[in-house]
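Down below is the structure, laid out as structure tokens.
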Amino acid sequence: MWPFSSKGPSGFSSSSTAEEVTHGINATGLTAIVTGATSGIGAETSRVLAMRGVHVVMAVRNLNSAKQVKESILKEFPSAQVDAMELDLSSLDSVKKFASQFNSSGLPLNILINNAGIMACPFMLSNDNIELQFATNHLGHFLLTNLLLDTMKNTARQSNTQGRIVNLSSEAHRFTYSEGIRFDKINDESSYNNWRAYGQSKLANILHANELTRRLKEDGADITANSLHPGAISTNLFRHMGVMTGLVNVVGKLVFKNIPQGAATTCYVALHPQVKGVSGKYFSDSNVSTTTSHGTDAVLARKLWDLSMNLIK
């Protein structure tokens, strides 16, 4: 698919694969955490990073599924370094437990890929009584990033290698609620719209990376934070679409990116030398792209940061 896609300034396009955008990159010595690594683009991201020499820690809900992915990677690349640790992003306690275990492991952390997510599910609350899409897609990653930041800062300082934080957002951020983030109605079931709530959580991923960029620069930390749209990909994210799921799977093979193409922008932003020093940007098709006005609203970003800090207390 995508036979007529044109290359952007990076030299890559929507048809580029994760292997292609990382061709020739030797990332031996780097360590990355990839959330949601047991299927779809998370699994492919883990595979390609491991292929390039990265020590990959898969942060996953299902350790049995992670074991299968790990075995598949090691079968293809016997010298790869791949580990799996349990993480449920919808539970703040689970995030805290994961971060504590990782921080005490003694492992460095160069790259954090906030990949996991759910999409357009019916209204539900998390274990912490927060709307599930906002809790899983944004708040869990927000807390995880905060708790791992000191380890990332220490790694960057000791290794003299710039750290990278990568938030997977979506073009769906364009279809959030009219106010962008519904600060006073996150848990309002009566006005809940499953797609707009998804868009809100994806806008939050962008705003998180932007505000994090500002704070990291203030701290003088050698870490970048960017967000991206992986592309329209037929994965199990569509599982809440009921009878539409079958149609998506059929049509998707004709019009959507495949998984290697879907993981390309993530791997590009995580590893490519062209992205060194670039922070607070939004990428699509392995090139810098543009967001809505909400996506560049610094006031909205700071307000979201304050809300998120209150929610994780």
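The values are calculated or read from the model by the stated rules, or taken from the named source; none is laboratory data. Just so it is clear, the structure is predicted and the values come from calculations on it, not from any experiment. FYI the Cβ positions are ideal-geometry reconstructions off the backbone, even for glycines, and counts take in every protein chain you see.
For the range 157-171, the count of residues that are under 30 Å from VAL57 (Cβ atoms), of a type in the set (A, V, I, L, M) and not in a strand (DSSP E or B) is zero. Can you pull out every residue in the range 3-25 that is surrounded by fewer than 18 Cβ atoms within 10 Å (Cβ to Cβ) and under 8 Å from ALA264 (Cα atoms)? Passing the criteria: only GLU19. Would you call THR136 hydroxyl-bearing (Ser, Thr, Tyr), under 16 Å from the mean Cα position of the chain (by Cα) and assigned to a helix (DSSP H, G or I)? It is true that THR136 is hydroxyl-bearing (Ser, Thr, Tyr), under 16 Å from the mean Cα position of the chain (by Cα) and assigned to a helix (DSSP H, G or I).
Assess whether PHE102 counts as being more than 17 Å from the chain's Cα centre (by Cα), modelled with pLDDT of 95 or more and farther than 27 Å from SER126 by Cα.
Values: more than 17 Å from the chain's Cα centre (by Cα): yes; modelled with pLDDT of 95 or more: yes; farther than 27 Å from SER126 by Cα: no.
Taking the combined requirement at face value, the residue does not satisfy it.
Among what's in the range 268-298 and is among the hydrophobic types (A, V, I, L, M, F, W, C) and in contact with a helix residue (DSSP H, G or I) (Cβ under 8 Å, 6 or more places away or on another chain), pick the residue that is farthest from LEU207 (Cα to Cα). So the residue we want is LEU271.
Taking the condition of being touching a helix residue (DSSP H, G or I) at 6+ places or on another chain (Cβ under 7 Å) and either among the aliphatic types (A, V, I, L, M) or crowded, with 18+ Cβ neighbours inside 10 Å (or both), how many residues in the range 109-137 meet it?
Here the count works out to 20.
Residues in the range 32-73 that are among the basic types (Lys, Arg) and more than 21 Å from SER90 (Cα to Cα): ARG47, ARG52, LYS67, LYS70. A residue that is within 19 Å of PHE102 (Cβ to Cβ), buried (at least 22 other Cβ atoms within 10 Å of the Cβ), of a type outside the set (S, T, N, Q) and at pLDDT 95 or above occurs somewhere in the range 43-52. Restricting attention to the range 148-162, and to residues there that are out of contact with any Ser or Thr (no Cβ under 8 Å at 6 or more places or on another chain) and buried (at least 16 other Cβ atoms within 10 Å of the Cβ), which single residue is nearest to LEU89 (Cα to Cα)? For the range 148-162, the residue satisfying everything is LEU148. A single member of ASP128, ASP83, ASP93 is within 21 Å of VAL56 (Cβ to Cβ) and charged (D, E, K, R), and it is ASP83. Counting only helices (runs of 4 or more DSSP H) that sit completely within the range 3-97, those holding 2 or more residues that are in contact with a strand residue (DSSP E or B) (Cβ under 8 Å, 6 or more places away or on another chain) and either over 23 Å from LEU228 (Cβ atoms) or in contact (Cβ under 8 Å) with a residue 40 or more places away in the chain (or both) correspond to 40-51, 63-76.
Of all the numbered requirements in (1) surrounded by fewer than 24 Cβ atoms within 10 Å (Cβ to Cβ); (2) modelled with pLDDT of 95 or more, GLY140 misses one, and that requirement is (1). On the stretch given as the range 187-203, residues that are in a helix (DSSP H, G or I) and either touching a residue at least 40 places away in the same chain (Cβ under 8 Å) or under 17 Å from the mean Cα position of the chain (by Cα) (or both) total 9.
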